[in-house]
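Student: Dumping the structure here so I can ask a few things about it.
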Amino acid sequence: MEVVLLGTGAADGIPNPFCRCATCTDHRERGELRTPTSVLVDGRLLIDPGPEAPRQVTRLGRDLTGLVSVLAGHAHSDHLDPAILMHRGWVTDAPLQVVGPAPVVAWSRQWLDGDQTAISFTTVTAGDSLEVAGYRVSVLAANHEAFGEACCYLIEDGSSALLYATDTGLLPETTLAALVGRRADLVLLEETFGPRTDKGERHLHLATFASTLQHLRAIGFIDEGTRVVAVHLAHDNPPLAQLRAELAELGAEALPDGAVIVLD
């Protein structure tokens, strides 16, 4: 499984153009840009295609001609810009499956002309398990809300397993229970707020990120062979060198936009 981190930032990315905090200044001075979190798996599964997804792909010298399915966790605009479906329809009528909770499907349908029948929609809810683009996808409850249900996903290809968990606060008990007896090779876990603990419970900060990893280790879902990458990073986090040091203590890492992870 090849996992391309098209973007690793929160909605406003880093640097936020309206901000001169230490983290935005650090990224600006180093010339590093974090765009909204989005992931491309094996060139055929696009997860959370926000408004920058087409350019994220293009900047990496890639394309989406082999895309089979789109998987969106919720209907906030940084995770889903349905215009990508319309733009695709100007070029090809190859089949494409769009998968997500009810608000994702409802919003996406509004962007299609009536004759774009090549695009099919699959509405999912927490607890579902289905095949998407040749992967077994388990739909997990997120501790988030976006005009309705928000979900996380466990994606398995028979030899590797990826947990995609953003946006979410502390994982619900039902989600942890669904992961018992299973194991991930890669966890992409949001860590939005850094040391800030006063910005709500629908995203993780460093302390709740750490406790989430503790829970996942306790149930055996992650182990020493599991790679954990913090995504959906906002500028509330410390500058990158400090953030990487703090994440390393937790057994996690921060990678740049465009990073490629290959799971055997």
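Values in this text are rule-based calculations from the coordinates and carry no lab data. The model shown is predicted, which means the values in this text are computed figures rather than measured ones. Ideal geometry is used to build each Cβ from the backbone, glycine not excepted, and the neighbour counts take in all protein chains shown.
Student: Which ³J(HN,Hα) values, rounded to whole Hz and listed in residue order, are derived for the range 24-35 from phi using the Karplus coefficients 6.51, -1.76 and 1.60 in 6.51 cos²θ - 1.76 cosθ + 1.60 with θ = phi - 60°, glycine and proline given as x?
Tutor: Computed from phi, the couplings for the range 24-35 are 5, 5, 4, 5, 5, 5, 8, x, 9, 10, 10, 9 Hz.
Student: OK, next. Among Ile14, Leu154, Thr212, flag the residue with its Cα farthest along the positive direction of the charge dipole of the chain, charges on Cβ as +1 for Lys/Arg and -1 for Asp/Glu.
Tutor: Positive-end residue among those listed: Ile14.
Student: Let me ask something additional. Would you please name the GluC sites (Glu not before Pro) within the range 205-264 that are DSSP coil residues with at most 16 other C-beta atoms within 10 Å of their C-beta?
Tutor: Passing sites in the range 205-264 are Glu224.
Student: Counting Lys +1, Arg +1, Asp -1, Glu -1, what net charge surrounds Val41 among other residues with beta carbon under 13 Å of its beta carbon? The partial results should precede the final answer.
Tutor: Details: positive: Arg44, Arg62, Arg136; negative: Glu2, Asp42, Asp48, Glu156, Asp157, Asp185.
So the surrounding residues net to -3.
Student: Assign unit charges at the C-beta atoms only (+1 for Lys and Arg, -1 for Asp and Glu), then state the dipole size of the chain relative to its Cα centre in Debye, rounded to the nearest 20. Write down the numbers at each step before the final one.
Tutor: Details: 19 positive and 35 negative charges, 51 e Å.
That gives a dipole near 240 debye.
Student: May I ask for the net charge around Pro101, where only other residues with Cβ less than 11 Å from the Cβ of Pro101 are counted and Lys, Arg are +1 while Asp, Glu are -1?
Tutor: Its environment carries a net charge of -3.
Student: Please state the shape class of the range 207-264: rounded when a/c is under 1.5, otherwise prolate if a/b exceeds b/c and oblate if not, all from the C-alpha gyration tensor.
Tutor: Working: a/c = 2.14, a/b = 1.23, b/c = 1.73.
Oblate.
Student: Placing unit charges on C-beta atoms (Lys and Arg positive, Asp and Glu negative, everything else neutral), compute the dipole magnitude of the range 180-232 about its Cα centre in debye, rounded to 20.
Tutor: Roughly 80 debye, rounded to the nearest 20.
Student: Long-range amide H contacts for Gly258: which residues qualify at under 5 Å (H placed 1.01 Å from N, peptide plane, sequence gap of 5 or more or a different chain)?
Tutor: Leu5, Leu6, Gly7
Student: What net charge is computed for the residues neighbouring Ala241, neighbours being all others with C-beta under 13 Å from the C-beta of Ala241, Lys and Arg scored +1, Asp and Glu -1? Provide the component values of the computation, followed by the final result.
Tutor: Details: positive: Arg30, Arg244; negative: Asp26, Glu29, Glu32, Glu246, Glu253.
With Lys, Arg at +1 and Asp, Glu at -1, the neighbours total -3.
Student: If you don't mind, another one. Given only helices, namely DSSP H runs of n ≥ 4 each adding -39500 (n - 2.57), what is the per-residue ellipticity at 222 nm of the chain, to the nearest 500 deg cm²/dmol?
Tutor: -6500 deg cm²/dmol
Student: If N is the number of residues in the range 123-183, what value comes out of its Cα radius of gyration divided by 2.2 N^0.38 Å? Write down the numbers at each step before the final one.
Tutor: On the way: Rg = 11.3 Å, N = 61, 2.2 N^0.38 = 10.5 Å.
In units of the globular-protein estimate, the range 123-183 measures up at 1.08.
Student: Would the range 2-256 count as rounded, prolate or oblate if I go by the C-alpha gyration tensor, calling it rounded below 1.5 in a/c and otherwise prolate when a/b exceeds b/c, oblate otherwise?
Tutor: Here the range 2-256 falls in the oblate category.
Student: Hey, another quick one. Can you list residues from other chains, or at least 5 along the same chain, whose modelled amide H is less than 5 Å from the amide H of Arg34?
Tutor: Distant-sequence amide H within range of Arg34: Ile14.
Student: State the answer as a single residue: which of Val41, Ala94, Ala83 lies farthest towards the positive end of the charge dipole of the chain, with beta carbon charges of +1 for Lys and Arg and -1 for Asp and Glu, about the Cα centre.
Tutor: After comparing all options, I get Ala83.
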